[in-house]
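Have a look at the structure below before the remarks.
Read the figures in this text as sums done on the coordinates, not as results from a lab. Note that the structure is a prediction, hence the values are computed from the model and not measured. Every residue, glycine as well, gets a Cβ built from its backbone with ideal geometry; the counts of neighbours run over all protein chains shown.
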Amino acid sequence: MAEIILTNHVKYRLLERGISAHEVKKIAKNGQIIKIEASGIMKKAGVCSDGQRLVAVVKNYKNKIIVLTTYFKNL
């Protein structure tokens, strides 16, 4: 199982946007891939427990998933 790492930037965004670390980790691990950049950075989307759509921007590195940022996506 891949370890999920939250960068300092994403920790700040979690506080700023009122997103729980549990929710973003869940989406980073199991979310639907909506975009893959040439650099390997992926955008993964999912629905939070409160029904809001959340996007996690992640990069796989060795056996780790590094969460770079996260934001709510308007439908």
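Residues are listed down the side, and each one gets a yes or a no for (1) surrounded by 15 or more Cβ atoms within 10 Å (Cβ to Cβ); (2) acidic (Asp, Glu):
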{"site": "10", "(1), (2)": "yes, no"}
{"site": "23", "(1), (2)": "yes, yes"}
{"site": "33", "(1), (2)": "no, no"}
{"site": "37", "(1), (2)": "no, yes"}
{"site": "42", "(1), (2)": "yes, no"}
{"site": "50", "(1), (2)": "no, yes"}
{"site": "66", "(1), (2)": "yes, no"}
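Evaluated against (1) surrounded by fewer than 16 Cβ atoms within 10 Å (Cβ to Cβ); (2) without any contact (Cβ under 8 Å) to a residue 60 or more places away in the chain; (3) not charged (D, E, K, R), residue 2 falls short on exactly one condition, (2).
From the residues in the stretch 45-62 that are in a loop (DSSP other than H, G, I, E, B) and touching a strand residue (DSSP E or B) at 6+ places or on another chain (Cβ under 6 Å), which one is nearest to residue 25 (Cα to Cα)?
Here the answer is 48.
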